[in-house]
1. Does any residue of segment 98-108 turn out to be under 10 Å from ALA148 (Cα atoms) and buried (at least 23 other Cβ atoms within 10 Å of the Cβ)?
2. Of the residues ARG199, ARG208, which is crowded, with 19+ Cβ neighbours inside 10 Å and of a type in the set (Lys, Arg)?
3. Given the residues ARG241, ARG224, which is the only one that is more than 16 Å from the chain's Cα centre (by Cα), within 19 Å of ARG45 (Cβ to Cβ) and either in a helix (DSSP H, G or I) or among the charged types (D, E, K, R) (or both)?
4. Do we find a residue being in contact with a Leu (Cβ under 8 Å, 6 or more places away or on another chain), assigned to a helix (DSSP H, G or I), open to solvent by 20 Å² or more (accessible area, probe 1.4 Å) and of a type in the set (Val, Ile, Thr) anywhere in segment 131-138?
5. Quick test for you: out of ASP178, ASP243, pick the one residue that is over 21 Å from LEU150 (Cβ atoms), touching a residue at least 12 places away in the same chain (Cβ under 8 Å) and either β-branched (Val, Ile, Thr) or open to solvent by 10 Å² or more (accessible area, probe 1.4 Å) (or both).
6. Any residue in segment 255-282 that's without any contact (Cβ under 8 Å) to a residue 60 or more places away in the chain and open to solvent by 40 Å² or more (accessible area, probe 1.4 Å): show its pairings with residues that are hydroxyl-bearing (Ser, Thr, Tyr) and assigned to a helix (DSSP H, G or I) at Cβ separation under 9 Å, as long as the two are six or more apart or on different chains.
7. Can you pull out the residues in segment 23-38 that are closer than 14 Å to LEU83 by Cα and touching a residue at least 12 places away in the same chain (Cβ under 8 Å)?
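The values are calculated or read from the model by the stated rules, or taken from the named source; none is laboratory data. Being a predicted model, the structure only gives us computed values, none of them experimental. Cβ placement follows ideal geometry from the backbone for every residue including glycine, while neighbour counts extend to all protein chains displayed. Protein only, heavy atoms only, side chains kept; ligands, DNA and RNA dropped before computing areas. Shrake-Rupley method; radii C 1.70, N 1.55, O 1.52, S 1.80 Å.
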Amino acid sequence: MKPEPDGTAPPAKRTQITEAVPNEGAKQAVREALLAIQDRQQCNRVMGCKPSLELQQHGTAAVVPILKAVTTSATDRYWRVRLIEVLGQLRDPRAVPVLMKLLDSTRWEIRCRAAIGLARLDAQESAPRLARMVAEHPDPDDPVSRVAALVALDRLGANYNGAPARERLALAFPTAPDVLGPLNPGYYAFLAEAIREARLTQAIEVVRLGARHRDRFVREASLRTLGALQDTGGIPVTVGRLDDPLPAIQRLALATLQQITGSHTLTTADQWKAWCTERACRGPRETPQP
């Protein structure tokens, strides 16, 4: 049965999750990880968030404590965003009502991560609300909420205004360099992630431009998307990032080239530069502007 228009979709057919009763050791480990995730030294955008990975490893035993932390906290700090991501990754249907409520958040990153989480949970019942989210955020000053909702609708196989959400999604990304350049870096990084989430190769130029962005997080998100989509057209700009001012981006560029090409025999920047020169790689390779 095909999805109906306006964000409606067939009922979800979810696998029932049977949760093993966690022992005291597991409960304590989850409590400790939730405390650690609120420590900015252990969970931040620059260094990463190891506690969120630990919570994922505990599986469904972590879901109820995470839901409590997300719903009782008044803060919108980075750790709360990471917990919302974990809920989507754990794919436990108990998270659906909470994530749907978070679509009303005043913070764009909260509602966008909630939308992606609902898609990963195959929450078909969220499709009408996601469709409203598309309509509620036409403002060009916030290009990401609309995109996030369309990505979620696409993953749910739903329509928007009578057309497949994917058709609308392909038109939702700003593509002109003069628009992307001054865009809020947080927005830009999310757009790069959204293209990866939707595997939307039609918008790949957004990512190629992002790999040369002045902001490190935009470059990082863009490189990860180039690798995930194995974009051979992004090889020249990725080679350019081998000389990035940040060693972490240099290492990511190396891993991205290996992911794009499937080759792990070249292990140094000089080897990849020689490889690119030999094949006459063409494309922008300049270092990001400060």
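1. no
2. Criteria check complete, one pass: ARG208.
3. Answer to the selection: ARG241.
4. No, there is no match, as no residue in segment 131-138 is in contact with a Leu (Cβ under 8 Å, 6 or more places away or on another chain), assigned to a helix (DSSP H, G or I), open to solvent by 20 Å² or more (accessible area, probe 1.4 Å) and of a type in the set (Val, Ile, Thr).
5. Testing whether each residue is over 21 Å from LEU150 (Cβ atoms), touching a residue at least 12 places away in the same chain (Cβ under 8 Å) and either β-branched (Val, Ile, Thr) or open to solvent by 10 Å² or more (accessible area, probe 1.4 Å) (or both) leaves just ASP243.
6. These pairs meet every condition: THR261/THR232; TRP275/THR261.
7. Selection gives VAL30, ARG31, ALA33, LEU34, ALA36, ILE37, GLN38.
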